[in-house]
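As structure tokens, the structure follows; a few thoughts come after it.
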Amino acid sequence: MSVTTSVATEDDAERILKLQFLCYQGEAELYGDWSIDPLTQTLDSMRSELKEHHVLVARLGDEIVGSVRGRVDDDGVGRIGRLMVHPRMQRHGLGSRLLRAMEQQLAADGTVIVGYRLFTGHRSLGNLRLYQRLGYRQTQVEEVNSKLSFIVLEKRTEPALDRFAAIA
Ligand SMILES: CC(C)(COP(=O)(O)OP(=O)(O)OC[C@H]1O[C@@H](n2cnc3c(N)ncnc32)[C@H](O)[C@@H]1OP(=O)(O)O)[C@@H](O)C(=O)NCCC(=O)NCCS
């Protein structure tokens with residue numbers, strides 16, 4: 001059976017949230033903080049995100065084994081987040097595949113895309129390696145609290161370099 005990637009439906013909300021709670025345990029441990037947003041998100045909020053964001057899921061048969069969310073903001077920047085892959089499926093390229101699929105999904109949105117932006121915690125070195133390998137470069141560090149800073153990374157689309165610089 002192979003893993004397929006598709007747009008999530010409303011019915012997927014609960015299963016995406018369950019996968020999220022599982023996948024982000026490692027991040028919570030890393031920061032010693034189990035109150036991080038991915039672990040405290042409610043089902044209602046997840047349902048709203050499904051309406052307001054692009055959400056992709058990776059399915060293995062009936063099971064959701066990966067997901068990613070994105071939206072294009074008013075400045076034409078594709079903001080990507082909540083990339084997750086079931087722990088037993090990690091490190092086989094699925095996370096990269098989902099991230100690339102979301103970039104394509106946002107580019108096909110019809111809105112002018114000047115680049116993509118995402119972030120991860122400062123201690124999440126594996127995530128940073130993954131994003132850098134996929135062409136993202138660190139642009140900012142945002143201190144969230146004494147335990148956590150967000151490293152913001154961006155990947156610019158070639159024709160619009162100047163515009164991205166203007167809004168950064
Ligand atoms: C980040 C995540 C989606 C990557 O999924 P994946 O399917 O393993 O990704 P790929 O197989 O395409 O790439 C693997 C790369 O991810 C990176 N990586 C992410 N987390 C890692 C970890 N805990 N340990 C080692 N490498 C990790 C590494 O760069 C790795 O490359 P390597 O094997 O050459 O070291 C997955 O690890 C996950 O769900 N993590 C928990 C949730 C999370 O932190 N999401 C990102 C929030 S910003």
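The values are calculated or read from the model by the stated rules, or taken from the named source; none is laboratory data. A quick note: this is a predicted structure, and the numbers were derived from the prediction, not measured. Don't worry about glycine lacking a Cβ; one is built from the backbone with ideal geometry, like all the others, and counts go over all protein chains shown.
Observations, loosely collected:
- Condition met for Leu134 (aliphatic (A, V, I, L, M), at pLDDT 90 or above and within 11 Å of the ligand (Cβ to nearest atom)): yes
- Cross-chain or 6+ apart pairs with Cβ under 9 Å, the range 19-32 first and in contact (Cβ under 8 Å) with a residue 24 or more places away in the chain, then among the hydrophobic types (A, V, I, L, M, F, W, C) and in a helix (DSSP H, G or I): Gln20/Leu39; Gln20/Met46; Tyr24/Leu39; Glu27/Leu39
- Residues within the range 74-93 that are surrounded by fewer than 16 Cβ atoms within 10 Å (Cβ to Cβ), near the ligand (Cβ under 9 Å from one of its atoms) and either among the charged types (D, E, K, R) or not in a helix (DSSP H, G or I) (or both), tallied: 3
- Residue check, Gln104 over 19 Å from Tyr24 (Cα atoms), touching a strand residue (DSSP E or B) at 6+ places or on another chain (Cβ under 6 Å) and among the polar types (S, T, N, Q): no
- Taken over the range 17-35, residues that are within 12 Å of the ligand (Cβ to nearest atom) and within 16 Å of Met84 (Cβ to Cβ) amount to 12.
- The residue list Ser96, Ser45 contains one member that is surrounded by fewer than 16 Cβ atoms within 10 Å (Cβ to Cβ), within 13 Å of the ligand (Cβ to nearest atom), at pLDDT 95 or above and assigned to a helix (DSSP H, G or I), which is Ser96.
- In the range 99-124, the residue that is modelled with the lowest pLDDT out of those that are more than 8 Å from the ligand (Cβ to nearest atom) and part of a helix (DSSP H, G or I) is Ala107.
- Selection within the range 1-42 - surrounded by 18 or more Cβ atoms within 10 Å (Cβ to Cβ) and outside any helix (DSSP H, G or I): Val3, Thr5, Ala8, Tyr24
- Per-region count, the range 90-126, residues farther than 23 Å from Leu60 by Cα and touching a residue at least 12 places away in the same chain (Cβ under 8 Å): 17
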